[in-house]
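What follows is a set of notes on a single structure, which appears directly below.
The values are calculated or read from the model by the stated rules, or taken from the named source; none is laboratory data. Since we're looking at a predicted model, the values are computed, not measured. In this analysis, Cβ positions are derived from the backbone assuming ideal geometry, glycine residues included, and neighbour counts consider all displayed protein chains.
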Amino acid sequence: MDALSIVGVVIALGAILGGNILEGGHTDSLIQLTAFIIVMGGTIGAVMLQTPVSVFFRSLKMLPWVVVPPKIEGDVKIVKIVEWSNLSRKDGLLALETAAEEESDPFSRKGLQLLVDGGEPEAIRNIMEIEMIQDESHDLMAAKVYEAAGGYTPTIGIIGAVMGLIHVMQNLNDPSMLGSGIAVAFVATIYGVGAANLILLPIAGKLKAIVAKQFQYKDMVLEGIIAIAEGENPRYIENKLQGYLK
């Protein structure tokens, strides 16, 4: 679990609410269902209009990564790669077939299977690099969904503010209606700017960092597979891959 994400949200929201209380404000004044519907509904609709279906649903699947990121154990994988290297030098590449069947990581399993099938190092690299690049591209597009949402919310918050002011102007003769209209106007702006800068844009940044880490992990696996295909010394492979852990 990424505790830093949880702590960050708590500190950010706590600072805003705490500052409001210190200024003598009431938390109830920041709770406006109408403003929430305008900002969140408008943002979701705009994002859905912009985003392809597959990318939109991928972004939803990636959202839990902010708190529970995919487990990446580079040191454990290096140990495995060295074991595969020793096995291939001792019994040949065909001996890796059992390892391929038992491997849980799809990317590593694909690389092992290509080794077993007798693929040339350059051909293996080309095949696996295509998959790496496509996976990274798709996941980055999904992460950018939250970046796009962070761009829309402040503007839609302003739309909510204008709508609230229009409501106020239409009820100038009824003082009892002025308070709610003004509240919606200002709270919608807070929701828009706050959601963008405290939640959506940080989520996008966090997901991009995770995607970059996954790409680096796959690149390490690829280099290990290629080194095995080229018959490099297991000790040399281990020293080479250790550089990815720095």
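Hey, can you tell me all the residues within the stretch 183-199 that are in contact with a helix residue (DSSP H, G or I) (Cβ under 6 Å, 6 or more places away or on another chain) and either without any contact (Cβ under 8 Å) to a residue 60 or more places away in the chain or not assigned by TED's automatic domain parsing to the domain that holds LYS80 (or both)? Walk me through it before giving the result.
Filtering the stretch 183-199 down to residues in contact with a helix residue (DSSP H, G or I) (Cβ under 6 Å, 6 or more places away or on another chain) leaves 184-185, 187-189, 191-193, 195-196, 198.
Within the stretch 183-199, ALA185, THR189, VAL193, ALA196 meet the criteria.
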Discussion item. Condition (residue is in contact with a helix residue (DSSP H, G or I) (Cβ under 7 Å, 6 or more places away or on another chain), more than 19 Å from ALA204 (Cα to Cα) and in contact (Cβ under 8 Å) with a residue 24 or more places away in the chain) applied to the stretch 65-72: is it met by at least one residue?
Written reply: yes
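To keep it simple, each residue is scored yes or no on (1) outside the structural domain of PRO234 (by TED's automatic domain parsing); (2) closer than 30 Å to VAL162 by Cα.
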site	(1), (2)
SER5	yes, no
GLY18	yes, yes
HIS26	yes, yes
LYS61	no, no
ILE72	no, no
SER88	no, no
LEU93	no, no
GLU97	no, no
Practice prompt. Scan the stretch 227-242 and give yes if some residue there is over 22 Å from LEU115 (Cβ atoms) and among the hydrophobic types (A, V, I, L, M, F, W, C), otherwise no.
Written response: no
Worksheet item: Mind checking which pairs have a first residue in the stretch 214-228 that is closer than 10 Å to ARG125 by Cα and a second that is acidic (Asp, Glu), Cβ under 8 Å, 6 or more apart or different chains?
Response: LEU222/GLU129
